[in-house]
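To start, the structure itself, in C-alpha cells.
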Amino acid sequence: MNILKELKVSVIVTLILLIICTGIYPVFVFGAGQLFCPQKANGSLVLDKEGKPIASTLIGQAFNGDKYFNPRPSAAGQGYDATSSGGSNLGPTSKALHDNVQQRIADYRKSNSLSDSQLVPADAVEASASGLDPHISIKNALIQLPRVAKLRNMNEDDLKKLVNQYTDGRDFGILGEPGVNIVKLNLALDGKYK
C-alpha cells in the first residue's frame with residue numbers, strides 16, 4: 001500500500017515538473033525574449049533588400065577580398081560553420097598549430113604591408129574557442145584600415161568613424177575588451193547594413 005502511494009506521488013510530481021519545464025518555462029523565456037530583446041531573440045539576422053537573411057551579427061563569416069576587413073580565423077568546420085562550432089584542439093606544442101599561425105602571420109603582414117618586425121595582433125592569427133566570433137580587436141581593425149580605405153577609395157578618417165560606430169564595448173561595462181563587429185562593418189561598407 002505504501003509503495004502505491006509513493007508511486008502516485010512520484011507520477012504526480014513528474015507530471016507537474018514536465019508541465020513546468022517543457023511548457024510554462026519555455027513559453028515564459030520565449031515571451032520575455034520577444035518582449036525585451038526581439039532582435040537578439042530571433043538570431044540578430046541581417047536581411048537583404050528582398051527580406052532574405054544574409055548574415056547574423058552574432059556569428060562571424062568570411063569576407064573574400066582585400067577590400068574587406070578580415071575576420072578572426074575560424075576552426076569551425078569549413079569556417080564559421082555553426083553546426084561545427086569549436087576550436088581546433090591543437091595544443092601549444094603542436095607543430096600544425098605553430099605552422100598555421102606562422103603562415104597566418106606572414107599572410108597578414110603581406111596583406112597589410114607590415115614589416116617583418118611589426119607585431120601582429122593575436123586575434124588576427126588565432127581562432128576563437130567557438131570558431132564563430134564576429135569580433136576583432138580595435139588594434140587589428142586599425143592595422144587593416146589603411147588597406148581597406150585605399151582599396152575602397154575612402155578617407156581613412158571617415159573609415160575610422162565607421163570602425164568606431166561598429167565597435168562594441170565591454171560586456172556590462174567591465175568584462176572583456178571592446179571589439180569591432182566585422183560582420184556589421186563589412187556589410188555597412190557594402191551598403192547592406194545601417
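Summary of computed values
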item	result
Residues listed by number, the range 123-152, amide nitrogen under 20 Å from residue 95 label point at 7 Å toward C-beta	none
Principal axis box of the chain, alpha-carbon based, largest edge first, Å	84, 45, 34
Global geometry of the range 44-112, whether rounded, prolate or oblate, following the gyration tensor of its Cα atoms and the 1.5 cut on a/c	oblate
Length released on extending from residue 190 to residue 39, taking residue separation times 0.36 nm less the Cα-Cα span	52.2 nm
Filter on 139/161; 40/184; 40/161; 110/161; 95/139 - keep pairs with C-alpha separation over 20 Å	40/161; 110/161; 95/139
Dipole magnitude of the chain about its Cα centre (Cβ charges: Lys, Arg +1; Asp, Glu -1), debye to nearest 20	260 debye
Contact order relative to length of the chain, as percent, for alpha carbon pairs under 8 angstrom and 6 or more apart	20 percent
Extension reserve of the residue 16-residue 111 stretch, reckoned as 0.36 nm per residue once the Cα distance is removed	28.1 nm
Per DSSP, loop trypsin sites (Lys or Arg not before Pro) in the range 1-70 with at most 10 further Cβ within 10 Å	49
Using a Förster distance of 25 Å, the FRET efficiency for residue 62-residue 32 (Cβ separation, nearest 0.05)	0.15
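Here, each number is a calculation from the coordinates, and none is a lab measurement. Owing to the predicted nature of the structure, the values given are computational and were not obtained by experimental measurement. All Cβ positions, even for glycine, are placed from backbone atoms using ideal geometry, and neighbour counts span all protein chains on display.
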